[in-house]
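First up is the structure itself, then whatever we jot down about it.
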Amino acid sequence: MKAAVYYGPRDVRVETVPRPSAGPGEVVLRVRRCSVCGTDKRIFTHGQKNVVPPTITGHEIAGTVDEAGSGVDAQIAAGRNVIVATVVGCGKCIYCQRKQYNLCDSFTALGYDYAGGFAEYVKIPAAAVAQGNIIPIPPAMALERAALVEPLSCCLNGQEYLNAQPGDRALVFGAGPIGLMHAAILKARGCSLVMVTDVSDERLAYVREFGLGRTVNTAGGNAVEMILKAAGGEKFDVALTANSVKSTQADALKLVRKKARVCFFAGIPKDDPVLPIDTNFIHYNEISVFGCFASNLQHYHQALEMIGRDDIPWDRFVTHRFKLDDMVKAFAVIEAGQGIKTVIDCE
Ligand SMILES: [Zn+2]
Ligand SMILES: [Zn+2]
């Protein structure tokens, strides 16, 4: 089969490799679409310790069951279109006992520890199949749209903590694919204002074009003042950081009202993660600050339902499409910060 093989940072080669086959409990999927995540780009640029070359990355997978090994649930039969949850729990730790697989102390993940979706076929390990990671999708759902379920599931994990209510004023830092998905969710939940900030006019233009909310470019200015001015001087009920800039975490806390929820959705560089916080501000104003990491199975099911609806222009989120042969070109587009979502057509 054809696959984009990762040999190390900036060394991805499209090659012919052996096609996997399904042993007991395993499933082989014909990958149809695999969308490119920010972490795929980071692995391409810098590498990652649990991604040991040569291997295949890619975890935002939508495909068709090609072969199901013995003992696999009859629902996961050949010909069925499915998506796949990324994280595989160890099955033993306290978090796995609670079915919080994304928080497992020693989780493994598809497209990291196991070969992923930038290939014609991908093998889903037995532990993932048994955990329920293969999720059938409606036959009529476009595979390209289905490839957006994984990133949306991560957003829904963060939104669970944020708990936005109709009429809330919402602030999103970062107009990348994740920031836009959050804006779409907040709009769908009936927020009276969704404000998205970024330092790129090109990215912010997508927010307006998709009708997701208002925008403010904070490049070169006092972000807090600029955002407050753009928001008519009123602060926000929910705020979320969907970028890796530490100062926006501090800004988020300066821009929220009493009883606000603040989600630090994205991680920041690990050499400088400490932020001084006025804990009295949190105490007297009943502010809640949350983190979230990846997603769990229920978030995939929620995301699948949301992706199937047409009240959000999901198809427009995909701004770039490449064949598997052009994998390196796809990474170049993402590194240049162009567009929203880039999807690889593995057919
Ligand atoms: Zn992803
Ligand atoms: Zn575990």
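Treating only the Cβ of Lys, Arg, Asp and Glu as charged (+1, +1, -1, -1), what charge dipole size does the range 251-347 show about its Cα centre? Round to the nearest 20 debye. Write out the running numbers ahead of the final one.
On the way: 12 positive and 14 negative charges, 84 e Å.
Here the size comes out at about 400 debye.
Taking only the Cα atoms of the range 85-151, the radius of gyration and Dmax are 13.0, 38 Å.
Volume of the convex hull of the range 252-347 (Cα atoms only), normalised per residue: 186 Å³.
Remark: the THR279-GLN338 segment gains 17.4 nm on full extension, using 0.36 nm per residue and subtracting the alpha carbon distance. Comparing VAL343, GLN97, ASN81 along the charge dipole axis of the chain, the residue lying farthest to the positive side is GLN97, per the Cβ-charge model.
Within the range 245-347, the trypsin sites (Lys or Arg not before Pro) that combine a DSSP coil assignment with at most 10 other C-beta atoms in a 10 angstrom radius are LYS270, ARG309.
For the chain, a crude dipole built from +1 on the beta carbon of Lys and Arg and -1 on the beta carbon of Asp and Glu, taken about the Cα centre, is about 380 debye to the nearest 20. Among VAL88, VAL172, VAL333, whose mean-square fluctuation peaks in a Gaussian network model of the chain (Cα, cutoff 10 Å)? It is VAL333. Note on the range 1-124: Kirkwood hydrodynamic radius from all Cα pairs is 15.0 Å, rounded to one decimal. Computed over the chain with a Gaussian network model linking Cα atoms closer than 10 Å, the most mobile of GLN75, GLN100, GLN302 is GLN75. For the chain, the Kirkwood estimate of hydrodynamic radius, built from reciprocal distances between every pair of different alpha carbons, is 20.8 Å. When a/c is below 1.5 the answer is rounded, else prolate if a/b is larger than b/c, else oblate, so apply that to the range 151-274 with a ≥ b ≥ c taken from the square roots of the Cα gyration tensor eigenvalues. Taking the square roots of the gyration eigenvalues as a ≥ b ≥ c, the range 151-274 is rounded. As a proxy for reagent exposure, ranking ASP325, ASP310 by other Cβ atoms within 10 Å from fewest up yields ASP310, ASP325. Sparsely packed loop sites in the range 192-285 (the GluC sites (Glu not before Pro) outside DSSP H, G, I, E and B with at most 15 other Cβ atoms within 10 Å) comprise GLU234.
Would you compute, from DSSP H runs of 4+ residues alone, the mean residue ellipticity of the chain at 222 nm, taking -39500 (n - 2.57) per run and dividing by the full residue count, rounded to the nearest 500? Walk me through the numbers on the way to the answer.
Numbers: 13 runs with 106 residues, N = 347.
Mean residue ellipticity at 222 nm (helix-derived): -8500 deg cm²/dmol.
Comparing Cα centroids, the range 87-142 and the range 35-83 end up 9 angstrom apart.
Pairs of Cα atoms under 8 Å, at least six residues apart: use those to get the relative contact order of the chain, whole percent. Before the final figure, lay out each step's value.
Values: 762 pairs, mean separation 63.4, N = 347.
The value is 18 percent.
Each value in this text was obtained by applying a stated rule to the coordinates, not by laboratory testing. A quick note: this is a predicted structure, and the numbers were derived from the prediction, not measured. Heads up, the Cβs are rebuilt from the backbone with ideal geometry, glycines too, and the neighbour counts pull from every protein chain shown.
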